[in-house]
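Okay, so here's the structure we're looking at.
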Amino acid sequence: MELFSDRGYEQTTVAEIAARAGLTERTFFRHYADKREVLFGGSAHFRENFIGALAGAPASLTAVEAVAAAVEAASAALDEFRGREFARARQRLIVANPELRERELIKLADVTVGMAEALRARGVEEPEASMTAELGMASFRVAFERWLAAGEERKLRELITEALASVAATLQPGG
């Protein structure tokens, strides 16, 4: 992160990253396909947090309630994972680079697809499974952006709850 922040993403080389980490380039490539993956190395864990929380939601919950519970539970890990300042620095890099924005969108789309699959496994039919997963991820994205905003001090989970409530209110007749 320091190299990317100091030199810029495009200007930072794998050799520099490896040297900063005390590794050889060969060792770097055993762990990462390219330098982009340094920023996305936790994607599988991120996905599993969402899908695992959804799969573990009580069967008595509706699809919307299960997705809301999963998004809230998964977001709690982000509050603690490397902290908000790391997330802000990472997000600045992503926003500034089209290749990284594309990779971030792919990661989020993969989580959304996984949530829809988990909903179908719970017996939720289409198009409700896909729509509910999309609404859950949209709520997460809005809350995450707010969480990163300068001056914001609330926990991500609080912002997720607020975003989900906003979606629910919007979907009500007259909302």
Inset, instruction - Taking the residues in the stretch 98-156 that are assigned to a loop (DSSP other than H, G, I, E, B), among the hydrophobic types (A, V, I, L, M, F, W, C) and modelled with pLDDT of 95 or more as candidates, determine which candidate is farthest from A57 (Cα to Cα). - result: A149
Legend entry - Filter result for the condition that a residue is part of a helix (DSSP H, G or I), out of contact with any strand residue (DSSP E or B) (no Cβ under 6 Å at 6 or more places or on another chain), assigned by TED's automatic domain parsing to the domain that holds V124 and at pLDDT 90 or above, over E72, E65, E85: E65
Inset, instruction - Restricting attention to the stretch 5-41, report how many residues are crowded, with 16+ Cβ neighbours inside 10 Å and assigned to a loop (DSSP other than H, G, I, E, B). - result: 4
Legend entry - Residues of the stretch 1-36 classified as modelled with pLDDT of 90 or more, within 24 Å of the chain's Cα centre (by Cα) and among the acidic types (D, E), total: 2
Legend entry - Verdict on A96 being exposed (fewer than 15 other Cβ atoms within 10 Å of the Cβ), out of contact with any helix residue (DSSP H, G or I) (no Cβ under 9 Å at 6 or more places or on another chain), in contact (Cβ under 8 Å) with a residue 12 or more places away in the chain and at negative phi: yes
Legend entry - Total residues in the stretch 125-157, condition closer than 17 Å to A74 by Cα, surrounded by 15 or more Cβ atoms within 10 Å (Cβ to Cβ) and without any contact (Cβ under 8 Å) to a residue 12 or more places away in the chain: 0
Legend entry - Boolean, T161 is in contact (Cβ under 8 Å) with a residue 40 or more places away in the chain and either of a type in the set (S, T, N, Q) or outside the structural domain of L3 (by TED's automatic domain parsing) (or both): yes
Inset, instruction - Sort through F28, F40 and tell me the only one that's among the aromatic types (F, W, Y) and in contact (Cβ under 8 Å) with a residue 24 or more places away in the chain. - result: F40
Legend entry - Scan of the stretch 1-60 for residues that are among the aromatic types (F, W, Y) and closer than 30 Å to G123 by Cα, ordered by number: F46, F50
Legend entry - the stretch 43-54, residues that are in contact (Cβ under 8 Å) with a residue 12 or more places away in the chain and of a type in the set (D, E, K, R): R47
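The values are calculated or read from the model by the stated rules, or taken from the named source; none is laboratory data. These numbers come from a predicted model, not from an experiment. All Cβ positions, glycine included, derive from the backbone under ideal geometry; neighbour counts span all protein chains shown.
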